[in-house]
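For reference, the structure discussed in these notes is given below.
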Amino acid sequence: MKKYILKSHPVGEPKVSDFELVTEEVPALKDGEILLESVFLSVDPYMRYKASMIPQGGVMPGQVVARVADSKNAAYKKGVHVLASCGWQSHVVGDPEKMKSSFDDSKDRLTILPDMGGVSPSLALGVLGMPGITALYGLIDLTQPKAGETLVVSGAAGAVGSVVGQIGKILGMKVIGFAGADDKVAWLKDELGFDYAYNYKTTTVAKALKESAPDGVDVYFDNVGGQIAYDVMLRMKQFGRVSCCGAIASYNDLGVPSKPPLAPAVQIPIISNQLSCHGFIVTRWMNKWQEGVLQLLGYVKQGKLKYKETVTDGFEKMPNAFIELLRGANTGKAIVKA
Ligand code: NDP
């Protein structure tokens, strides 16, 4: 069995050499234990700051969809798929009662994935998992969006942003997305039904919103922080609402002594436009997680919620897939197929 440990804390953009592949023998199963074999592994932006926090030698964290490859526990039959928080590991042996399914420190147990009506179990890492729940509740619960309002989403072609924009459309909003490549912009407009989408690398937020939101923005779902966040917030209506989800524009500043993660001072647009800004961590919604997954699955089945996965082949490519995610190579959810 293989695992990736953190060899050195990344300085700026992570490098493949910051991670070390370790190979170990699979131990024999004791009574009550199971052997999990990772099938799909998630790479997510939060892993960048985890890589600055976990001790050197620690296993990189993360969620996986795994198959029970062997079992001495009647509750976990060989062959079933589970959602597990195993991190960057090809296999894990242990007592399933002590394993968790969610990332970080939430208290849930290992989740046996139900039959999701023919959709790939990998969706439990994306549209039907943590990013989907982030989008659904981060938008609806925190910003109380209404039909006819104008929604802006940054990081719009990613795992979270693509779901946010489509939920905005389901709710009857005008949806404007920002993403970093022309093919992503085309996907947002032509397939996901965004009203407007822009490549923030080739146009300015000011120019884009002058065209698409001349009367101002009601709701901003912020996946990136930094200059884009500042520029959108300046163009919000009085009492606009902001869901502060992520700040990927500054994650690679972690560990760079000369580059503390400083964003433009967003206080000025927050004060002058009297904005309500809600920071959150998705685990706050553990109590209604399953309900949210079923709602998202319903939208997928009705054809109202489309998704894409950017799949990297091979467990050994975990660091590459992670680095490419931070560079913007993914459209939709970035995953690794072991
Ligand atoms: P994505 O699938 O959106 O992948 C990351 C994307 O970020 C890249 O594809 C890239 O797209 C974009 N990006 C990279 N660098 C920059 C930059 N400097 N400026 C603008 N965009 C950049 O990731 P997720 O959907 O999984 O996550 C989106 C955000 O939501 C992240 O900030 C993440 O940390 C946050 N998050 C927060 C959660 C919470 O509980 N608060 C839970 C889950 C996610 P592009 O080509 O468009 O630049």
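The values are calculated or read from the model by the stated rules, or taken from the named source; none is laboratory data. These numbers come from a predicted model, not from an experiment. Neighbour counts are summed over all protein chains in view; Cβ atoms, including those assigned to glycine, are modelled from backbone coordinates with ideal geometry.
Points to keep in mind about this one:
- Qualifying residue in the stretch 324-332 (condition: assigned to a strand (DSSP E or B), within 14 Å of the chain's Cα centre (by Cα) and within 21 Å of residue 47 (Cβ to Cβ)): yes
- Residue that is modelled with the highest pLDDT [pool: residues in the stretch 247-284 that are among the small types (Gly, Ala, Ser) and within 12 Å of the ligand (Cβ to nearest atom)]: 279
- Residue check for residue 250: out of contact with any strand residue (DSSP E or B) (no Cβ under 9 Å at 6 or more places or on another chain) and either surrounded by 14 or more Cβ atoms within 10 Å (Cβ to Cβ) or not in a helix (DSSP H, G or I) (or both): yes
- Screening 227, 290, 238 for residues that are free of Cβ contacts under 8 Å to residues at least 40 places away in the same chain, away from the ligand (no atom under 15 Å from the Cβ) and either farther than 19 Å from residue 139 by Cβ or in a loop (DSSP other than H, G, I, E, B) (or both) leaves exactly one candidate, 238.
- Annotation for the stretch 192-215: at least one member residue is in a helix (DSSP H, G or I), among the basic types (Lys, Arg) and over 20 Å from residue 274 (Cα atoms).
- Scanning the stretch 15-73 for residues that are on the phi > 0 side of the Ramachandran plot and within 20 Å of the chain's Cα centre (by Cα) returns a single hit, 62.
- Checking 8, 38, 71, 42 one by one, the residue that is in contact with a helix residue (DSSP H, G or I) (Cβ under 8 Å, 6 or more places away or on another chain) and under 14 Å from residue 93 (Cα atoms) is 38 and no other.
- Residues (outside any loop (DSSP other than H, G, I, E, B) and surrounded by fewer than 24 Cβ atoms within 10 Å (Cβ to Cβ)) located in the stretch 167-183: 169, 170, 174, 182, 183
- Conditions (1) surrounded by fewer than 21 Cβ atoms within 10 Å (Cβ to Cβ); (2) part of a loop (DSSP other than H, G, I, E, B): number failed by residue 14: (1)
- Selected residue (criterion: nearest to the ligand (Cβ to nearest atom)) from residues of the stretch 142-157 that are part of a strand (DSSP E or B) and over 18 Å from residue 227 (Cβ atoms): 151
- Any chance residue 239 is aromatic (Phe, Trp, Tyr), touching a strand residue (DSSP E or B) at 6+ places or on another chain (Cβ under 8 Å) and surrounded by 24 or more Cβ atoms within 10 Å (Cβ to Cβ): no
- On the stretch given as the stretch 280-323, residues that are of a type in the set (Phe, Trp, Tyr), within 15 Å of the chain's Cα centre (by Cα) and under 30 Å from residue 1 (Cα atoms) total 1.
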